[in-house]
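K.L.:
Pasting a structure here, questions to come.
What follows draws every value from the coordinates through simple rules; no lab data is involved. If you're wondering where the values come from, they're calculated on a predicted model, not measured in any experiment.
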Amino acid sequence: MSHRKTCIVCKKSSMETPVTKFYHKDSKFYICPQHIPVLIHNPQELIGLLDGADTLKGA
């Protein structure tokens, strides 16, 4: 069974755009270059997409 590598935000797959893997709470997620700034600077925008995003602080 293959695991689909899709951006947690825009849902684009690794077939459409580059994605990078990151880990949070022992789970792995993927994010595309367009949305890495969201993860770094505005993680509150990930509420509902990433468990615990409400407790993350932006840089």
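K.L.:
Can you spot the lysines whose alpha carbon is less than 18 Å from K11's alpha carbon? Ignore those fewer than 8 places along the same chain.
P.N.:
By straight Cα distance, K11 reaches K21, K28.
K.L.:
Compute the Rg/Rh shape ratio of the chain: radius of gyration over Kirkwood radius, all on alpha-carbon atoms.
P.N.:
Checking Rg against Rh, the ratio lands at 0.96.
K.L.:
Can you tell me how much longer the chain between L49 and S13 gets when fully stretched, taken as 0.36 nm per residue apart minus their C-alpha distance, in nm with one decimal?
P.N.:
Answer, rounded to one decimal: 11.4 nm.
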